[in-house]
Structure formats: structure tokens, C-alpha cells
Amino acid sequence: MHDHSPRILLLTPPLTQLNTPYPATAYIKGFLTGRGYAVTQADMGLQLVLRLFSEAGLRRVFQEIEAGNFDLSDNAKRMLRLQNRYLATIGPVIRFLQNKDLTLAPRICHGRFLPEASRFDNVADLETAFGTMGLTDQARHLATLYLEDLADLIKETVGPHFGFSRYAEKLALSATSFEPLHQELAAAPNLLDRMLLEELEPLLARVQPDMVGFTVPFPGNLYGALRLAKYIKHISPATVTVMGGGYPNTELRDIKEPRFFDYIDFLTLDDGEGPWLRLLEYLSCHPERSEGPYYVQTVSGNSNVLERDKVLRSAQNDRQLLQRTFLRDEIGQIQYINHPHPDVPHAEVGTPDYSDLPLTEYLSVLEVLNPMHRLWSDGRWNKLTVAHGCYWKRCSFCDVTLDYIARYETAPSTLLVDRIEQIIAQTGQTGFHFVDEAAPPLALRDLAVELLKRRVPITWWGNIRFEKTFSADLCRLLAASGCIAVSGGLEVASDRLLALMEKGVTIAQVARVADGFTQAGIMVHAYLMYGFPTETAQETVDSLEVVRQLFVAGVVQSGYWHRFSMTAYSPVGKNPAKYQVAAIGPEPAGFAWNDLWHDDPLGTDHEAFGPGLAKSLYNYLHGVALDEPLARWFDFKTPRPTTPRHLVQQALQAPEKPDFAKQNQRLFWLGNAPEIRIEPGKKVPRAVLTCYEQAEDFEVKTTEAAGRWLHQLLTQLSRDFDTKVLLKDAAASFPKSEGAFEAFLQTPAWQLLREKGLLLL
């Protein structure tokens, strides 16, 4: 531990996810504790939810509603009449969603156990939606609707900003001016604010932090962070407050609002490891210089002007220690200090540390029936990054100019698996969500090989680009290492727009890659986009036709349509004219600046297409109306699709490159070492290789010489992961007596092995 090391408290404000901790504080804690600092972390969103959704918490909600002067909807009145039932069921429901009392499932499903309000209105299609889904999952979905009913009631009355996934988001979404937030924070705390501060008080008393760091990944976290920071500044003005995270990284890069710094002393951009290290160094040099009120007072109260200037100059020099950090200086000016310190390399950021987060208290909710979104909200996932940034970084709608995408760095697979093993040892859980912008295929290949070599059984999913490096064989390797799902941007299913976006993929390629993943048993989720600059009504309909074909072919199992938004740090935002759109606002007002309004004179009325696209996809997800005309999804006239009816099918039937053309690819055997026996044949002896696999054993029959060669090859591949055997290496040792190696690659014996797990990578 450092001498006089500051006590650091890292907080995740409400509300990120209910099922798993947002990883930012775990990353920073892992990094700083590795360097000897004392760090505590807490998920204030989880703590608020558990306080609110308890018998005592709901009792306070109902009492405050009855005492208040609220204009209640019929739905809210119904819930008030049922309040005793809510008070009786809330404890058991929370325990059920924490997986602590799963025997409650039959009562929730069949026993009229839960009080029902408006969220249950559309529950009649549960059988269709869930099919043969287990009882526990149905109960989880119903329990989630029950919580959402309560959230609706709270939002309508005592907590207007509440929402599980969009907590206080309206206050921060495109908040070019700080004024609405400032007014809200100046108002007396509402019931939810008070509950949040009640959770904070004992934490501050226990930790007595010198520094408090807030991660603000989403707009919805900003209000909670500032509400907490205001309280901390009120009771302990000398405590240093620091903010970072995804929202500041994209929205607050040009902040000029001095009032923000009444709450937050230091605002850091991009990866937090470097800025935190420099900030700690800066504060250790000058413990009195927290930039807080104490320091401002000592300077401004100094009557000697020369002395004051000297102090200011000294402060200015010392701040050169800082990296990517905003602060308000002694005379009230906002300063951005970014001394060119080197970044902390991805290989040195350390292992996320989840200690002191109550992992058994998180709730596995099942809000939507989209299978990919379900992975987001159900189950506990350890979050980890395979590589920093994006290896492609060319997509024109993406913030490719910002560090979190622009700086691409990898870490060796051995180090990644070390981190994975450390996290499993700490959390006892083997589910991993790789949170990369787009995980690089070759890094995933090496990671998969290392996991298989060390026999580390994990379940994982992540984001990818649908690029041709993801061959069918690579997909099978990833599946063998524990991959269960991938999500990737198909964006627009139009080759013209894909080229304009610089996606670097074509529709045919996406179809083939998605097929490779699907055949390997990996679920595929497609991010879809509508409203890209110059996109016509015809192209939107043609995109939907491609999406329909992908679902008909069964190569995509999940998807979601996003409306294009122009951001300040994307190629479109930097150069709208190139994409034939015009930026028309908003006017900067000193605070957030990222989402830009734009005119698209050549494009269609994008707004009109949104509901129909969402409805069609919901049906396609459930295999419904896949052969219906596309016009049925829209309540206005749309053009007929011009996409060829068999575009996807033809892409899937394109011939594969033969094995002989893959001489420089590595052979990898997913199976065990086989046994060999030589049997007498009619003319010559034959070799029979028996391969013992998880589900079934199978036999490979070939000539004696080829059999002995195969036996040696497969035995070596099953035991030695470190020696890369290329196909051409295997060819060099192939017995000459057997004729041409190319001919052997066409034999049933080789084809059977390829089908059963002999991969070329």
C-alpha cells in the first residue's frame, strides 16, 4: 500500500443492468489495487433497486402516493387498490429473480400469485412466444412484467425519472444545456433520491473515502451521479470527486459549463487507467490541491497579488502531470489538460476485480422475448475485453475518431486466459461477455485454442464483424471453446449503402458467415440500421427483404432495427456534405455535444418506416409471416422489393474453396487421440481408426499406410497444442505409396474427419 494512500470509492450510479455489474469500476479497481491503492466499489443502482423493491420500500411508495396530490391513471388506481398484494409478493419475487427460490415458479405461472396491471395486457401470446420454454423462464418473464408495472407506477408518481433501463435518461439525452439538470438537482430530493442517499450514507461512513469516482456509461447515469456527488460535496467538501465513462467520452468532450464542476472536481476522458494514475500522482504531490473549495479559498483570500500569481503559476505547472482531464481552475475557467503521457497498454490494464460487489444479489430478469437481448438481461456475465479499440475503424456512422475505437491494441491469448481464470476463481462464475467493439477473428482464434489447451470451460458471447475470416471451421473452433452467440452489424442490407458506410462486407458474405456460425450452433444477432443518409424507400424495403430471406434461411436468429443517428465524432458528422446531408443543430450550449440533427434531402421519410420494421422483425423472430408480402407491415404505400428472391440462398450455395487450396492453414483436431487396429482385407490389410467423442463414437476406414499416418497425425494434434501443423506440413509426411495427397483429401475417410472436427484454420 502507498504511504498516505488515498482511500478510493468507485460508484456505478443508477441504473445500468439488473443482472450483472457494469464492469467499469471492476476494471479500474483491478488496475489500481494492482498498483497498491486501497479501492472499494459499489453498485448504487442495484442497492437502490433492492431498497425500493422490498416490502418496506413499497410501503413508503404507497404512503407517499396516498399523501401526495397525484392525478392518477386508472392503472395506477388499480395498483393502489392491490397494494397489500404487492407488499406480500415483492420479497418472494425478488428472491426468485435472484435465483434464491426457484420453487416459486409454478405458483407464478399457474397460481394467480402476482397482482397484474397494464404490463400483463399482452401476455396472452406467451405460449406462442415461449413455445416449449421452461416453467422457470415463463415465471421469470411474468415476474419481470410485475416489476415493470411497479416501475410504471413509480414513474407516474413519486419518481418521474425512474426506469430500469432508461433511468433519468431524458435529463441527459442530447442535453446541450446544463440548465434542466441544474434545476432538477437544486430541487428537494424526491423519494427515490432519498433512498439512494440512504444507501450512500453507511457506505461513506464505512469507507471514509478521500476520492470518489463515478462511472457514467449512459445518459441515464448522469443524474444519479450528480445527485450523489452533490451530497458528498455537502457533507465533505474536501472529498475529491472524479467522473469518467462512455457518456463523458462521447458527449462532454467540449464541456464549457462551470456549474458542472460544483459537483465534479475532475472529468476524465477515454480509458480511465492513465488519467487516474496521473491524477493520483498529482494529488500526492499536492494533497491540499484537490481543486476543491479549500484551495480556491486559500488563493482568492490571499491579498498579495504577486504571491497569488506565483501560486497560480505553480498550480498551472503541476497540472502538466494530468492526462485527458477537465477541471475548473482557481479563477473559475474550465481547463482541459492532456499532457502527452503514454497510454496504459491493453496488456497492462490488469484483471477486472469484482470483489465487494454482491454478485448473488443481482436479478435475472427476462423483459423481452428477443433471444439476444435476453443474454443481456438474464444471468450473470463477467465482462472482459479481448482487444482495445476496433481493428477495422472505418464505418462512417461510428465514432471512429475517438480513442475507445481508434486505438487498437491486443493482448496475448495466454494473458487473456490468465485473466479469465482469475475472474472465475473470484466470482465462481464461468459466463463471459466480451465487450469489444468488434472482437478480432484471429485474436478469438488464439483465445479459443488457449482455452481448449488449458481445458478452461467457459460460456461466452460477443460482438463481431461479419467478415470472411470467420470461416465455417473457425466458427466450429469458437463453438468448441464455449461461444454461444455473436452479434454483428449487418446495418443496411443494401450493397450500395454498405459501400457508402465502408462496412467492408457484402450481403452475400454476411449470409455465408452467419451460416457458418449457425451451423456451429452459435446464435446470430444482426444489428440493422435504417435511415442512413440518402437511403431511399426502395432501399429500405429491399433491406427488409434481405432480412426476411436471412430468417427464412435460418442463418440469423435474432435482430434489432436501429434508426441512424449522426454523431459529432463519426465520419458522417465530421463531413456531412460528403454523405449529402446537412447538420441543422442543435446549437451548442456549453454542455453535452454529440447527437446532431440532420436533413437528408435525398432520403425517404425514415421516421415512417420505424414501426413497420420493428413489427416485421418481431414476427420473423418467432417464425411468423415469413412469406407474407412486405407491404403488410406498413400503413402507407411502399414500393415492391427489387432484391432477387433467392439472393441469400444463392450466396449460401456458392462453392467452398477445396482443402488442397488451403496449404498454409493450420490443422486443428477437436477430438481425442483415436485408437487404431489393422484388419485383414480381401487383397491388402485395412486400418480402422476408432474416435471416441462426447456424444458418439465413429470409425474411419482407410488403407493401412494412410491409417497409420492419420493415427499419428491425430494423436499429435490432440496432445500438442503448441506446435502448429500446417496442411502442407502434413502433406510432406503423407506416405508416398498412397499416391497424390490432393486425391486423398477427396476420400470419404478425410471428409468424415473434416465433418467430425478436423479443422483448417
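Quick note: the coordinates plus some simple rules give every number you see, no bench work behind them. Just so it is clear, the structure is predicted and the values come from calculations on it, not from any experiment. Cβ atoms come from the backbone with ideal geometry, glycine included; neighbour counts cover every protein chain shown.
Just grab the label-to-label distance for GLN335 and LEU87, each label 7 Å out from Cα along the Cβ direction, in nm (one decimal).
Placing both labels 7 Å along Cα→Cβ, they lie 5.7 nm apart.
Tell me, which cysteines of the chain are without a disulfide-compatible partner by the Cβ under 4.7 Å rule?
Cysteines lacking a close Cβ partner in the chain: CYS109, CYS285, CYS390, CYS475, CYS483, CYS691.
For a quick protection proxy, order the peptides 739-747, 464-472 by their average other-Cβ count within 10 Å, most packed first.
Final packing ranking: 464-472, 739-747.
List every residue whose amide H lies under 5 Å from the amide H of HIS598, counting only residues 5 or more places away in sequence or on a different chain, with H placed 1.01 Å from N in the peptide plane.
ILE584
Sort HIS562, HIS388 so the one with the fewest other Cβ atoms within 10 Å of its own Cβ comes first.
HIS562, HIS388
Between GLN751 and LYS682, what is the label-to-label distance in nm when each label sits 7 Å out along the Cα-to-Cβ direction?
2.1
Taking the Cβ of each residue in THR703, THR534 as the centre, tally the other Cβ atoms inside 10 Å and list the residues starting with the fewest.
Going from least to most buried by this count: THR534, THR703.
Applying the Karplus parametrisation 6.51 cos²θ - 1.76 cosθ + 1.60 with θ = phi - 60° to the phi angles of the stretch 563-568, what ³J(HN,Hα) value in whole Hz is obtained for each residue in order, glycine and proline being reported as x?
Here the 3J(HN,Hα) series is 7, 4, 10, 8, 10, 5 Hz.
Place the peptides 191-198, 247-254 in order of packing, highest mean first, counting for every residue the other Cβ atoms within 10 Å and averaging per peptide.
Ranked from most to least packed, the peptides come out as 247-254, 191-198.
Counting only residues 5 or more places away or on other chains, whose amide H sits under 5 Å from the amide H of LEU490 once H atoms are built in the peptide plane?
Amide H neighbours of LEU490, under 5 Å, 5+ apart: TYR527.
Tell me which residues come under 5 Å, amide H to amide H, from TRP460 once H is placed; ignore anything under 5 positions away on its chain.
The answer is PHE432, CYS483, ILE484.
Fewest first, what order do CYS691, CYS285 take by the number of other Cβ atoms within 10 Å?
Going from sparsest to densest Cβ surroundings: CYS285, CYS691.
Using alpha-carbon pairs under 8 Å, 6+ residues apart, how would you state the relative contact order of the stretch 532-690 in percent?
Dividing the mean separation by the residue count of the stretch 532-690 yields 27 percent.
In degrees from 0 to 90, rounded to the nearest 10, what is the angle of the helix 191-207 Cα long axis to the longest principal axis of the chain?
The answer is roughly 90 degrees.
Give me the angle, in degrees from 0 to 90, between the Cα long axis of helix 537-552 and the longest principal axis of the Cα atoms of the chain, rounded to the nearest 10.
Long axis of 537-552 versus the principal axis of the chain: about 60 degrees.
Packing-wise, with mean Cβ within 10 Å as the measure, how do 273-282, 62-71 rank, highest first?
The peptides rank, most packed first, as 273-282, 62-71.
Over the chain, what relative contact order in percent results from Cα pairs under 8 Å that are six or more residues apart?
The normalised contact order for the chain reaches 11 percent.
Kindly identify the stretch 433-482 as rounded, prolate or oblate by the Cα gyration tensor criterion: order the square roots of the eigenvalues as a ≥ b ≥ c, call it rounded if a/c is under 1.5, otherwise compare a/b with b/c, prolate if a/b is larger, else oblate.
Oblate, because a/c is 1.5 or more while a/b does not exceed b/c.
With +1 on the Cβ of every Lys and Arg and -1 on the Cβ of every Asp and Glu, and nothing else charged, how large is the dipole of the stretch 614-761 about its Cα centre, in debye rounded to the nearest 20?
Computed charge dipole of the stretch 614-761: roughly 460 debye.
Angle, helix 222-235 long axis vs. longest principal axis of the chain, Cα atoms, 0 to 90°, nearest 10?
For 222-235 against the chain, the angle is about 40 degrees.
Based on the Cβ-Cβ distance from ALA582 to GLN649, what FRET efficiency comes out when R0 is 30 Å, to the nearest 0.05?
Computed FRET efficiency for ALA582 and GLN649: 0.15.
Under the classification rounded if a/c is under 1.5, otherwise prolate if a/b is larger than b/c and oblate if not, where does the stretch 71-156 fall, given a ≥ b ≥ c as square roots of the Cα gyration tensor eigenvalues?
Because a/c hits 1.5 or more and a/b fails to exceed b/c, the stretch 71-156 counts as oblate.
Give me the one-decimal Kirkwood hydrodynamic radius in Å for the chain, with the sum taken over alpha-carbon pairs.
29.2
Only helical DSSP H runs with n ≥ 4 go in: add -39500 (n - 2.57) per run for the chain, normalise by residue count and round the 222 nm mean residue ellipticity to 500 deg cm²/dmol.
Helices in the chain give a 222 nm mean residue ellipticity of -12500 deg cm²/dmol.
Using θ = phi - 60° and the Karplus curve 6.51 cos²θ - 1.76 cosθ + 1.60, what whole-Hz ³J(HN,Hα) does each residue of the stretch 696-704 get, with Gly and Pro shown as x?
Residue by residue, the stretch 696-704 yields 8, 9, 9, 10, 10, 10, 7, 6, 4 Hz.
What is the antiparallel percent of DSSP beta bridges lying wholly in the chain, to the nearest 5?
In the chain, DSSP labels about 40 percent of beta bridges as antiparallel.
Note down the magnitude of the dipole of the chain about its Cα centre, charges +1 on Lys and Arg C-beta and -1 on Asp and Glu C-beta and zero elsewhere, to the nearest 20 debye.
1460
For the stretch 659-760, what does the alpha-carbon gyration tensor say about shape, rounded, prolate or oblate, given a ≥ b ≥ c as the root eigenvalues, a/c under 1.5 as rounded, and a/b over b/c as prolate?
Because a/c hits 1.5 or more and a/b fails to exceed b/c, the stretch 659-760 counts as oblate.
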